[in-house]
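Since the structure comes first, as structure tokens, the remarks are kept for the end.
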Amino acid sequence: MNEEVKKNMEEFGFPVIVDEKSGAMQWVDMRELRLRYIISVENIKPFYEGLREGKLMATKCKKCGRIFFPPQKDCPSCFDSDIEWVELKKEGTLETMTVVFVKPPSFGQYDPYPVAIAKLDDGPRILAWYSGDPQQVKPGQRVKVQVSRRKEGYLMYELAPI
Amino acid sequence: MSENVAVIGIGHSKFGTRKDVNIAELCWESMKPAFETANLEPKDIDFFVVSNAGMWSSEAAIPALIAEYADLAPKGSMRVEAACASGSAALRVGYTAVKSGMVDLALILGVEKMQESPNPNVIELIGRFGSYFWEFENFGLTFPAYYALHGTAYMMKYGATEEDYAKVAVKNHYYGAKNPYAQFQKEIDVETVLKSPYIAWPFKLFDCSPITDGSACVILASEEKVKELGIDEKVWILGQGVGTGTANLSRREEFTSLASARYAAEQAYKMAGIDIDDPANYLDGANVHDCFTAPEIIAYEDLRFCKRGEGYKLIRDEQTYIGGKIPVNIDGGLKAKGHPIGATGVSQAVEAYKQLLQKAEPGRQADINKGRWLAHNVGGTGHYTYVTIYGLEKR
């Protein structure tokens with residue numbers, strides 16, 4: 001809580017501040033909420049097991065052969081959950097890119113990061129950070145999927161120039 | 001069932017940084033003129049819908065909040081969310097409710113008070129409108145970054161430039177300067193845009209719509225009610241289309257167009273009896289979802305104001321200014337008017353009413369010859385698109 005709020009609470013009795021630009025009085029919320037979700041990955045465990053070994057795993061419907069990436073456990077075409085896990089070839093062609101300069105606070109520890117979408121030679125597209133120099137990217141840039149350890153300490157896939 | 005549905009009342013708050021009011025007060029600022037223009041009171045309303053994306057603001061039960069503040073209790077209501085297209089989603093609910101004959105008078109209120117939270121928190125939250133788990137959690141895509149992926153693809157494919165994008169911002173600020181309700185009422189030049197700092201390459205600060213507080217309100221009436229009340233000033237909803245896109249951008253086929261927008265446009269044109277091969281010829285103007293500069297150009301193409309790959313030429317040739325092929329965002333658009341998420345779609349309806357009835361402020365009134373106006377409102381990055389067509393004459 002900032003000093004002005006503390007001071008006003010002591011002297012005036014309430015957690016208020018005066019907005020600098022407008023001069024309007026603001027109540028500073030006493031109830032802070034921190035969000036951290038717990039998300040089930042039970043049905044895509046093979047994806048993470050593959051990633052640990054440097055593999056990019058997708059699901060494939062055994063009936064119609066449709067490939068899903070990101071993986072999903074149900075095929076809506078066949079109304080079937082009989083899927084198998086297949087390894088995707090890790091090479092493809094970069095289709096578009098951006099560089100995120102203004103970052104969400106939860107990514108504050110990173111330098112501006114390039115994000116790219118590539119079409120893998122097997123068909124599916126993948127969105128990930130691009131580890132090469134964004135200024136050197138040429139139209140039709142070939143890329144490969146590789147796995148690296150994040151600053152937070154976990155493994156994640158990224159795109160690297162070939 | 002009501003064959004036709006009309007907008008009979010409108011209200012619009014000042015958009016911007018609104019530290020001077022709380023959420024309920026901000027709502028009333030647009031509700032009051034909506035009641036006054038429709039010559040109605042809160043007790044006349046059968047049903048009301050509130051669009052609000054929320055998260056950054058404190059109150060979640062806004063329908064109940066305004067039921068209390070504006071004497072709408074015990075009438076039925078709900079809050080709806082479709083990211084940045086929430087306002088049009090609320091219109092959709094009200095429109096279908098009136099059209100079905102379930103209610104005769106529906107009030108649609110869009111409101112957002114984004115500045116109850118500090119900017120970094122808003123940046124954090126607004127990046128979550130796509131696939132949270134696959135695209136935000138690990139790759140930190142922000143809202144500008146999602147659209148920047150489209151802006152880059154478009155430049156690479158068609159040879160548009162950052163300067164072309166800047167021209168969209170220049171146009172929208174030009175008209176924002178003439179709109180007393182706009183957040184930014186100041187003209188800018190191409191240099192200003194090009195020299196502003198990068199937010200998500202190729203977008204710079206002046207390619208981006210701002211973080212905005214604001215509200216907008218419309219009252220919808222059945223054809224019978226319009227007759228009964230003897231309403232002269234109104235515009236009819238001639239058609240509305242809605243489309244949905246995949247959560248993951250990586251599940252899409254292309255990044256130079258929004259499939260949900262093309263789908264919604266087709267439906268809306270068909271419903272309104274507009275030739276899909278030449279819609280600009282049926283419209284006096286349009287509001288399109290320019291949350292960033294490039295998406296305005298992509299919207300020209302998705303709405304078929306020009307061929308694919310030629311949208312940047314429309315802005316280069318100033319064809320979307322008043323007097324051009326089709327005036328677009330002559331209220332300043334999201335770019336200069338501001339983009340209070342839940343209010344934007346409703347604000348577009350207000351603008352359609354004002355333009356068609358020739359009530360726009362001096363310097364930003366389009367010539368009204370064809371009697372039709374289009375609103376294109378996108379949630380997320382084509383995760384939802386609503387296209388609504390308004391007209392002076394019923395179908």
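Between A:Thr93 and A:Lys6, what is 0.36 nm times their sequence separation minus the Cα-Cα distance? Round to one decimal in nm.
Extending this stretch completely gives an extra 25.8 nm.
Sticking to Cα atoms, compute the Rg of segment B:254-373 to one decimal and its Dmax as the biggest Cα-Cα distance, whole number, in Å.
According to the Cα coordinates of segment B:254-373, Rg and Dmax are 13.5, 40 Å.
Arrange the peptides B:376-383, B:41-48, B:226-233, B:8-15 so that the one whose residues have, on average, the most other Cβ atoms within 10 Å appears first.
B:376-383, B:8-15, B:41-48, B:226-233
Loop-only check: which GluC sites (Glu not before Pro) in segment A:89-162 are DSSP coil with at most 13 other Cβ within 10 angstrom?
A:Glu152
How much length, in nm to one decimal, is gained on full extension between A:Lys62 and A:Glu42, taken as 0.36 nm per residue of separation minus their Cα-Cα distance?
Going from the current span to full extension adds 5.2 nm.
Expressed as cubic angstrom per residue, what is the convex hull volume of the alpha carbon set of chain A?
Given the Cα convex hull of chain A, per-residue volume reads 202 Å³.
With the radius of gyration and the Kirkwood radius both derived from the Cα set of segment B:4-68, what is their ratio Rg to Rh?
Reported Rg/Rh, Kirkwood definition of Rh: 0.97.
How long is the gain from B:Asn281 to B:Met78 if the chain were fully straight, where each residue apart is worth 0.36 nm and the alpha carbon distance is subtracted?
Separation in residues times 0.36 nm, less the Cα-Cα distance, equals 69.3 nm.
Would you grab the residues whose amide H sits under 5 Å from the one on A:Val143? Only those 5+ places off in sequence or on another chain, please, with H modelled 1.01 Å from N.
Under 5 Å from the amide H of A:Val143 lie the amide H atoms of A:Gly92, A:Thr93, A:Leu94, A:Ile162, each far enough along the sequence or on another chain.
Using only Cα atoms, figure out Rg for segment B:145-185 and give it as a multiple of 2.2 N^0.38 Å.
1.46
Which semi-axis lengths, in whole Å and largest first, follow from the square roots of five times the eigenvalues of the Cα gyration tensor of segment A:89-162?
Semi-axes (√(5λ), whole Å): 21, 15, 10.
Over the whole of B:113-123, what's the average partner chain Cβ count within 10 Å per residue? Rounded to a whole number, please.
The shielding value for this peptide is 2.
Over segment A:89-162, calculate the relative contact order: mean separation of alpha carbon pairs under 8 Å at least 6 apart, over the residue count, as a percent.
Dividing the mean separation by the residue count of segment A:89-162 yields 31 percent.
Give the ranking of B:Ile389, B:Ile211 by solvent-accessible surface, highest area first, calculated with a 1.4 Å probe.
In descending accessible area the options line up as B:Ile211, B:Ile389.
For chain A, what relative contact order do you get, as a whole percent, if you take Cα pairs closer than 8 Å and at least 6 residues apart?
Computed over chain A, the figure is 14 percent.
Ignoring everything except DSSP H segments at least 4 long, calculate the 222 nm mean residue ellipticity for the protein assembly as shown; use -39,500 (n - 2.57) per segment, divide by total residues, nearest 500.
Mean residue ellipticity, 222 nm, calculated: -8500 deg cm²/dmol.
With the Cα gyration tensor of segment B:1-156 in hand, convert its eigenvalues to equivalent ellipsoid semi-axes via √(5λ) and list them largest first in whole Å.
In descending order, the three semi-axes are 32, 19, 14 Å.
Which whole-number percent is the relative contact order of chain B (Cα, under 8 Å, 6+ apart)?
The normalised contact order for chain B reaches 26 percent.
Take the Cβ-Cβ distance between A:Lys138 and A:Glu49 as r, set R0 to 25 Å, and report the resulting FRET efficiency rounded to the nearest 0.05.
0.10
For the protein assembly as shown, what percent of Cα pairs sit more than 34 Å apart?
The answer is 41 percent, as a whole percent.
Tell me, what is the FRET efficiency for B:Lys394 and A:Leu155 to the nearest 0.05, using R0 = 56 angstrom and their Cβ-Cβ distance as r?
0.40
Please compute, for the alpha-carbon atoms of segment B:34-92, the extent along each of the three principal axes and give them in descending order in Å.
Sorted from largest, the Cα extents of segment B:34-92 read 32, 22, 18 Å.
Once you place label points 7 Å from the Cα toward the Cβ at B:Glu41 and A:Phe79, how far apart are they in nm?
Here the answer is 5.5 nm between the modelled labels.
Give the long-range amide H neighbours of B:Thr212: residues separated by 5 or more places, or on another chain, with amide H under 5 Å away, using H modelled in the peptide plane at 1.01 Å from N.
Here B:Met114, B:His339, B:Ile341 satisfy the definition.
Mind listing the phi-derived Karplus ³J(HN,Hα) values for segment B:45-61, rounded to whole Hz, using 6.51, -1.76 and 1.60 with θ = phi - 60°, and x for any glycine or proline?
Running phi through 6.51 cos²θ - 1.76 cosθ + 1.60 with θ = phi - 60° gives 6, 8, 7, 9, 10, 10, 9, 6, 7, x, 6, 7, 10, 6, 8, 9, 8 Hz.
Between beta-carbons, use under 10 Å as the cut-off and find the net charge around B:Ala97, counting Lys and Arg +1, Asp and Glu -1.
0
Determine ³J(HN,Hα), in whole Hz, for all residues of segment B:2-7 in sequence, where each value follows from phi through the Karplus function 6.51 cos²θ - 1.76 cosθ + 1.60 and θ = phi - 60°; x replaces Gly and Pro.
9, 4, 10, 10, 10, 8
How large is ³J(HN,Hα) for each residue in segment B:233-242, as worked out from phi by the Karplus curve 6.51 cos²θ - 1.76 cosθ + 1.60 (θ = phi - 60°), to whole Hz, x for Gly and Pro?
For segment B:233-242, the Karplus-derived couplings read 8, 7, 10, 9, 7, 8, x, 8, x, 9 Hz, x marking Gly and Pro.
What number do you get for chain B when its Cα radius of gyration is normalised by 2.2 N^0.38 Å, N = residues?
My calculation over the Cα atoms of chain B gives 0.90.
What net charge is computed for the residues neighbouring B:Leu26, neighbours being all others with C-beta under 13 Å from the C-beta of B:Leu26, Lys and Arg scored +1, Asp and Glu -1?
So the surrounding residues net to -2.
Heads up, I need the accessible area for B:Thr17: 1.4 angstrom probe, whole protein in place, Å², nearest 10.
Accessible surface of B:Thr17 is approximately 80 Å².
What does the structure give for B:137-149 when I average, per residue, the other chain Cβ atoms found within 10 Å of the residue Cβ?
6
Taking the Cα atoms of segment B:123-224, what is the range of coordinates along each of the three principal axes, in descending order and whole Å?
Dimensions of segment B:123-224 along the principal axes of its Cα atoms: 50, 38, 26 Å.
The values are calculated or read from the model by the stated rules, or taken from the named source; none is laboratory data. Quick caveat, the model's predicted, so the values are computed rather than measured. Using ideal geometry, Cβ is built from the backbone for each residue, glycine included, and neighbour counts are taken over all protein chains shown. The area values use the complete protein model at the heavy-atom level, side chains included, leaving out ligands, DNA and RNA. Shrake-Rupley method; radii C 1.70, N 1.55, O 1.52, S 1.80 Å.
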